[in-house]
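Trainee: One structure, pasted below without further comment.
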C-alpha cells in the first residue's frame with residue numbers, strides 16, 4: 001500500500017484509560033500484551049507522526065451510557081464490560097466525571113486528540129464501526145485507505161478492519177500498536193488477531209514502517 005495525506009487516514013480504536021492505563025478496568029487481562037508490544041508508546045508514535053505530516057486522525061471510541069445497561073443480551077466480553085463498568089459515562093449529553101476516568105483518553109494522547117482537528121466518531125457499542133459514523137466521516141474527508149491501530153486486537157481492531165474492508169477501504173493494520181487480552185480459558189487474543197490480520201488486511205506493518213511511510 002502507498003499512503004498519502006490526501007487519501008489515507010490514521011484510525012485509532014479505543015485509546016482510552018480502561019484499556020491502556022495500569023489503573024484501567026481490564027489491565028489485568030491486557031497489561032502483559034500492552035507492555036510486551038510497547039502499545040502505548042507505539043500509538044503515541046503514530047499520533048505524533050500523523051499530526052506532523054498533516055494526516056487526518058480519526059478516533060473510534062467506546063462509550064456506554066446508563067441506558068445501554070438496559071440491553072437484554074450480550075456476548076461474553078460485552079457482559080463483562082457492562083458488569084465492571086468499563087467505558088461507562090454518566091450520559092450521552094454530559095461530560096460530568098469524564099476527565100481522567102476510564103473512558104477518557106490516555107493522558108499521553110490528549111495533546112493530539114484534543115487539538116480541535118482530530119475527528120472523533122460517535123461511539124461504537126459492541127466491537128465494529130457498524131454502530132457509529134466512522135465510515136461516513138472517512139468518506140466525507142475523501143479517504144479510501146486506513147492505517148489502523150488501537151485496542152484491542154481481537155475485538156475492536158479486528159472488527160473495524162473487517163467492516164472497513166467490507167465498506168471498500170484499503171486497510172493496513174499496525175501490528176505492534178495494538179494488544180490483546182490473555183485468558184486462561186479463552187486463550188491469547190493478540191495471537192488470534194495476528195493470524196486474522198495476516199489473512200484479511202491489505203497490509204500488516206510495524207509502527208516503525210508506518211511512521212516512515214507517513215513521514216514520506
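Bear in mind that the values in this text are calculations on the coordinates, not laboratory data. The structure presented is a predicted model; accordingly, all values stated were derived computationally and were not measured. FYI the Cβ positions are ideal-geometry reconstructions off the backbone, even for glycines, and counts take in every protein chain you see.
Trainee: Remind me, what semi-axes does the chain give for its equivalent ellipsoid, largest first in whole Å, using sqrt of 5 times each Cα gyration tensor eigenvalue?
Mentor: In descending order the semi-axes read 25, 19, 17 Å.
Trainee: Related question: Distance between Cα centroids, the stretch 25-40 to the stretch 54-129: provide it in whole Å.
Mentor: The distance from the Cα centre of the stretch 25-40 to that of the stretch 54-129 comes to 18 Å.
Trainee: Counting alpha carbon pairs within less than 8 Å and at least 6 residues apart, what relative contact order, in whole percent, applies to the chain?
Mentor: 29
Trainee: Per 0.36 nm of contour for each residue apart, how much would the distance between residue 206 and residue 141 grow if the chain were fully extended, relative to their Cα-Cα spacing?
Mentor: Stretched out fully, the residue 206 to residue 141 stretch lengthens by 20.9 nm.
Trainee: Here is a follow-up. Over the stretch 56-142, one equal point on each Cα, no solvent: what is log10 I(q)/I(0) by the Debye formula at q = 0.20, 0.25 Å⁻¹?
Mentor: Values, matching the q order: -1.06, -1.37.
Trainee: Now, a different point. Just the Cα atoms of the stretch 148-216, one point each, no solvent: what log10 I(q)/I(0) does Debye give at q = 0.18, 0.20, 0.27 Å⁻¹?
Mentor: Evaluating at q = 0.18, 0.20, 0.27 Å⁻¹ gives log10 I(q)/I(0) of -0.63, -0.76, -1.19.
Trainee: Now, a different point. Between residue 54 and residue 165, what is the label-to-label distance in nm when each label sits 7 Å out along the Cα-to-Cβ direction?
Mentor: Reported label-point gap for residue 54 and residue 165 is 3.3 nm.
Trainee: Taking the Cβ of each residue in 162, 141 as the centre, tally the other Cβ atoms inside 10 Å and list the residues starting with the fewest.
Mentor: With the sparsest Cβ surroundings first, the list reads 141, 162.
Trainee: Does anyone have the angle between helix 189-200 and the longest principal axis of the chain? Alpha-carbon axes, 0 to 90°, nearest 10?
Mentor: Helix 189-200 sits at roughly 40 degrees to that axis.
Trainee: What is the helix-to-structure angle for 27-37, meaning the angle in degrees between its Cα long axis and the longest Cα principal axis of the chain, kept from 0 to 90 and rounded to the nearest 10?
Mentor: The angle comes out at about 20 degrees.
Trainee: Turning to a different aspect of this structure: Starting from the Cα-Cα distance between residue 188 and residue 73, subtract it from 0.36 nm times their residue separation and give me the gain in nm to one decimal.
Mentor: 38.9 nm
Trainee: Treat each spin label as a single point 7 Å out from the Cα along the C-beta direction, and report the residue 131 to residue 41 distance in nm.
Mentor: That separation, rounded to one decimal, is 3.5 nm.
Trainee: While we're looking at this one, here's another question. Before anything else, pin down the relative contact order of the stretch 90-216: Cα pairs under 8 Å, at least 6 apart, normalised by residue count, whole percent.
Mentor: Here the relative contact order equals 19 percent.
Trainee: Can you work out the PRE-style zone for residue 120? Point 7 Å along Cα to Cβ, and I want the residues of the stretch 78-92 with backbone N under 17 Å.
Mentor: The answer is 87-92, whose backbone nitrogens lie closer than 17 Å to the label point.
Trainee: Relative contact order for the stretch 93-162: what percent, with Cα pairs under 8 Å and sequence separation of 6 or more?
Mentor: 23 percent.
Trainee: Determine, for each peptide in 88-98, 180-190, the mean count of other beta carbons within 10 angstrom over its residues, then list the peptides with the highest first.
Mentor: Highest to lowest by the protection proxy: 180-190, 88-98.
Trainee: If you don't mind, another one. Give, in nm to one decimal, the length gained when the segment between residue 4 and residue 111 is fully stretched (0.36 nm per residue of separation minus the Cα-Cα distance).
Mentor: 36.2 nm
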